[in-house]
1. Excluding residues on the same chain fewer than 8 positions from K279, give the lysines whose Cα lies under 21 Å from its Cα.
2. Starting from the 7 Å offset along Cα-to-Cβ, what nm value, one decimal, do you get for the label separation of T294 and K216?
3. With each label point set 7 Å from Cα along the Cα-Cβ vector, what nm distance links A110 and D230?
4. Could you give each residue of region 140-153 its phi-based ³J(HN,Hα) in whole Hz, using Karplus coefficients 6.51, -1.76, 1.60 with θ = phi - 60°, and x for Gly or Pro?
5. Please grab the % of Cα pairs in region 5-164 that end up more than 22 Å from each other.
6. So, in nm, how far is label R9 from label A68 when the simple model puts each one 7 Å beyond its Cα toward the Cβ?
7. Is the shape of region 2-73 best called rounded, prolate or oblate, per the rule: a/c under 1.5 gives rounded, else a/b larger than b/c gives prolate, else oblate, with a ≥ b ≥ c the square roots of the Cα gyration tensor eigenvalues?
8. Please state the relative contact order of region 2-73 as a whole percent: Cα pairs under 8 Å, 6+ residues apart?
Amino acid sequence: MRFVTFSRRGKPRIGAVREGGREIVDLSVAAPRLPADMTDFIAAGGAALEVAARALGTRKKEARLAFARVNLLAPVPSPRRNILCVGKNYFDHAHEFDRSGFNATAGADAIPDVPIVFTKASNTVIGPGATIPAHLDPTKSVDYEVELAVVIGAGGRKIARRDAMKHVWGYTVVNDVTARHLQSRHKQWFLGKSIDGFCPMGPVLVTADEVPDVKKLRVQSRVNGELRQDALVRDLIFDIPTLIATISAGMTLQPGDIIATGTPAGVGIGFTPPKFLKKGDVVTVSVDGIGELTNPVG
Ligand code: MG
């Protein structure tokens, strides 16, 4: 199934997307006992999904809305914890980043031996169509990064690689927007990654059963219509099971945790001179079969 979070009468609600994608069902009307918050809904597991599946056939007119007319928010608009992110997880991007001069820790091997995991504060999340507030970057070096995001269902610690995919509830798309000079100047990436509004997410959250082979998905970004990044999930240096096993080795993953899996080559600092985002630009990031997310830059 495919889900969105949207705002109706000033409150966030969960919508289930009907076959064909033209309509959504407002679950707070069609199945009012379900949680209205996406993280709670995810934590409610398979039983909640079954209720939502039945609600898709609702006859309540008030519950059925035209997809194009709803006010979409990020599918997980208020993550409980920071977004877990992976750095340098595509070969070409790892080389591009080290060559750019923006990698404060360059000089070590360009290709990491183990996943580089950092986080991005939850205040960064914005929805489809919302403006990326580039003006908040004091260093004027805003860059885009398309990423497939994995959303955890059942939590756990010490999750084995072979069991990892059972912990994936679904997928969405994020743009790991980054202030490059902050990322470089402060050595640790957190500040450059955590400016308010620097994590556009969405538009939909697609359950894992809708994605038979995640490795085949194509990840792309465009700036003002120009193709900048284009890769397959198969090109990840560390695949999704490895990331889940690595992160959960000592830390308990929780339902609704989000793992941004890394970005391929073609980011703004890959060009000479760098192509930073500026006011008036429009960025579209997409993962085939999951969705396309467009945000203006302001
Ligand atoms: Mg990234």
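A short reminder: the numbers here are calculations on the coordinates, not readings from a lab. Please read all numbers here as calculations on a predicted model, not as lab measurements. Please note: Cβ atoms are built from the backbone with ideal geometry, for glycine as well, and neighbour counts cover all protein chains shown.
1. K140, K193
2. 2.7
3. 2.1
4. 6, 9, 7, 10, 10, 8, 6, 8, 6, 10, 9, 10, 7, x
5. Tail of P(r) above 22 Å: 57 percent of Cα pairs.
6. According to this spin-label approximation, the distance is 2.6 nm.
7. Verdict is oblate for region 2-73.
8. 38
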